[in-house]
1. Name the one entry in THR57, THR38 that is at pLDDT 95 or above, more than 18 Å from TYR164 (Cβ to Cβ) and of a type outside the set (A, V, I, L, M, F, W, C).
2. Is it the case that some residue within the range 9-25 is part of a loop (DSSP other than H, G, I, E, B), surrounded by fewer than 20 Cβ atoms within 10 Å (Cβ to Cβ) and within 16 Å of ligand 2 (Cβ to nearest atom)?
3. Taking the criterion of being within 15 Å of ligand 2 (Cβ to nearest atom) and surrounded by fewer than 18 Cβ atoms within 10 Å (Cβ to Cβ), would at least one residue in the range 283-292 satisfy it?
4. Please count how many residues of the range 271-282 are more than 19 Å from CYS186 (Cβ to Cβ) and part of a helix (DSSP H, G or I).
5. Only one of TYR50, TYR94 is aromatic (Phe, Trp, Tyr), in a strand (DSSP E or B) and surrounded by fewer than 24 Cβ atoms within 10 Å (Cβ to Cβ); which?
6. Is it true that ASP45 is crowded, with 24+ Cβ neighbours inside 10 Å and within 16 Å of ligand 1 (Cβ to nearest atom)?
7. Any residue that is surrounded by 24 or more Cβ atoms within 10 Å (Cβ to Cβ) and under 16 Å from the mean Cα position of the chain (by Cα) - is there at least one of those in the range 223-231?
8. From LEU253, LEU268, LEU298, LEU291, which residue is within 15 Å of ligand 1 (Cβ to nearest atom) and either within 26 Å of LEU33 (Cα to Cα) or assigned to a loop (DSSP other than H, G, I, E, B) (or both)?
Amino acid sequence: MKHAAESVSAPSILSPRVDAFFERETFSIQYVLTDPATRHCALIDPVLDYDERSATTSTASADALLSFVEAEGLRVEWILDTHPHADHLSAAHYLKERTGATTAIGARVTDVQRLWKALYNLPHFPADGSQWDRLFADGDRFRIGEMEVAVLFSPGHTLASVTYVAGDAAFIHDTLFMPDFGSARCDFPGGDPAAMWATIQRILTLPDETRLFTGHDYMPNGRPPAWESTVARQKAENIHLAKAKNEAEFVALRRARDATLPMPKLILHALQVNIAGGRLPPPESDGRRYLKIPLNALGSPVRD
Ligand SMILES: N[C@@H](CCC(=O)N[C@@H](CS)C(=O)NCC(=O)O)C(=O)O
Ligand SMILES: [Fe+2]
């Protein structure tokens, strides 16, 4: 059985199946990455919906992934985050409870946990990554079914960001967006535009035909949402790479743009949940869960 499967799995390793789910509230893309040979899959960057006006959470976006998985007869083996998100809550914990799949994120998440633990004043929070089943270091490899996935450490947007590379597909999250939008911001706590420049150069060393799947699409000029490019297209068309030809130019470009960007509306809501692997804070004595919002913790605000 194993041998028969191996003989048909070679093409799938070259070009895995990728299904994308665009979440319109935070312009996020959730992915299902599938090994066609075994129909095992990974859910990448799943979103736990949050309505900030009423402080209501909902699992509609995550449930759409589960419905798809069920309809297609897939088996969820992994729940992967590319980084601790600053603009939405991660549905990793909810999906772990529903599927029993293995959760994972980049190993440097412990640095992000330490940073935000101090910002939220959570002295008892364990900043040890124990909230995930597996932590990936640069160069680590793992399998979805029979398909090998490589992990590239890709910091800049956050201290802990990683890119997942499976065959000709790379999940590059918030590094490069679609070529007409450029690159991700590097001004969150722990962000670093010089590290982002090095990360982008590393991603661009993947083969030209590599399919690049981004983490957000902000639909510039009202175009329809898009999330897939290639290394060749990014080299030829990315608006930030066209303007910045070296690290110094890129750092200057990013600093100038980042100085104009307001904080994501959910940054303080999201990080306390996301450093806990997508777990909401435990219920208090009335059975209700509460978020904690530190005041004046993020410096002077930039307004819309
Ligand atoms: N307006 C959005 C901003 C989200 C945001 O800052 N997104 C990050 C990725 S997590 C980014 O890199 N944005 C790039 C940009 O806005 O130029 C919100 O409030 O959620
Ligand atoms: Fe992000």
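The values are calculated or read from the model by the stated rules, or taken from the named source; none is laboratory data. Just so you know, these numbers come straight off a predicted model, no measurement behind them. Using ideal geometry, Cβ is built from the backbone for each residue, glycine included, and neighbour counts are taken over all protein chains shown.
1. Testing whether each residue is at pLDDT 95 or above, more than 18 Å from TYR164 (Cβ to Cβ) and of a type outside the set (A, V, I, L, M, F, W, C) leaves just THR57.
2. There is at least one residue in the range 9-25 that is part of a loop (DSSP other than H, G, I, E, B), surrounded by fewer than 20 Cβ atoms within 10 Å (Cβ to Cβ) and within 16 Å of ligand 2 (Cβ to nearest atom).
3. Checked the range 283-292: no residue is within 15 Å of ligand 2 (Cβ to nearest atom) and surrounded by fewer than 18 Cβ atoms within 10 Å (Cβ to Cβ).
4. So the answer is 2.
5. Residue meeting the stated conditions: TYR50.
6. yes
7. no
8. Of LEU253, LEU268, LEU298, LEU291, the one residue that is within 15 Å of ligand 1 (Cβ to nearest atom) and either within 26 Å of LEU33 (Cα to Cα) or assigned to a loop (DSSP other than H, G, I, E, B) (or both) is LEU298.
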